[in-house]
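J.: Here it is, the structure, as structure tokens.
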């Protein structure tokens, strides 16, 4: 496995792969890799001739500097994991390599068609501008045939689908396929997340109430309204000491707008466990 740190080197490697007519799979990550990331990489390895993984903590998608500073980083451990599961290339640039000073200090502009105005977008203004900025740049650089994203970040996945649909109409990314992959959970049910590394053993135990409540809500949905289930989820999680719901929204999986029916609905939650912000979702 080869670690690449500059755009120039990356472009040369991609050019060689294209000349050999190899199909390229890309898994964009921010590092601190876990089995959820590994599942994406394994699928990319299986479905393409070569697999690229980016490991880059993207500063432009953080609207909280403290969160950016505390985000876990361990490139050596990440590289060991990626090598063991068959990744061919790791792109691990510095922020200065990825962006100019102007790009770092200017908000990336994009028409989200309203997908950025709800849930995460509402709570983290500018977050998705940074996501689209870095993902579009990775697509330009790596020119993948398929790119893989986890469904835990469901709103992000919907926005990337929207970005590619708009861009593909202009021929920007060719026939790029976006592959959404199911949430990977610990045996306890807790959704795997790089932020779990910041949880104490006690907090990790407390956080189990999040997924437990979401799964319970599938039963509640059989006899209650959307509004009733939504409130019950919020109240149940908030009743657990150490947890505080930032939002729980039941929305249409395509539009991300609030819905009054469970058909094609998904429930998306963000919960603070102590100082750590965790997200999860459940499809109805």
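The values are calculated or read from the model by the stated rules, or taken from the named source; none is laboratory data. It should be emphasised that the depicted structure is a prediction, and the values quoted were computed from it without experimental measurement. Note: ideal-geometry Cβ built from the backbone for every residue, glycine included; neighbour counts use all protein chains shown.
J.: Which of the following residues is assigned to a strand (DSSP E or B) and in contact (Cβ under 8 Å) with a residue 24 or more places away in the chain: 174, 180?
T.: Within the list 174, 180, the selection yields 180.
J.: Determine whether residue 83 is more than 18 Å from the chain's Cα centre (by Cα), exposed (fewer than 13 other Cβ atoms within 10 Å of the Cβ) and assigned by TED's automatic domain parsing to the domain that holds residue 150.
T.: no
J.: Name every residue in the stretch 37-77 that is surrounded by 14 or more Cβ atoms within 10 Å (Cβ to Cβ), at pLDDT 95 or above and assigned to a helix (DSSP H, G or I), in order of residue number.
T.: 37, 38, 39, 40, 41, 42, 43, 44, 45, 47
J.: Shifting gears a bit: Is it true that some residue in the stretch 228-242 is within 26 Å of residue 31 (Cβ to Cβ) and surrounded by 16 or more Cβ atoms within 10 Å (Cβ to Cβ)?
T.: no
J.: Still on this structure: Name the single residue that is surrounded by the fewest Cβ atoms within 10 Å (Cβ to Cβ) among those in the stretch 247-277 being in contact with a strand residue (DSSP E or B) (Cβ under 7 Å, 6 or more places away or on another chain) and closer than 17 Å to residue 203 by Cα.
T.: 272
J.: If you don't mind, another one. Taking the stretch 86-109 as the region of interest, how many residues are touching a strand residue (DSSP E or B) at 6+ places or on another chain (Cβ under 8 Å) and either outside any loop (DSSP other than H, G, I, E, B) or not assigned by TED's automatic domain parsing to the domain that holds residue 42 (or both)?
T.: Residues that pass the stated criteria total 3.
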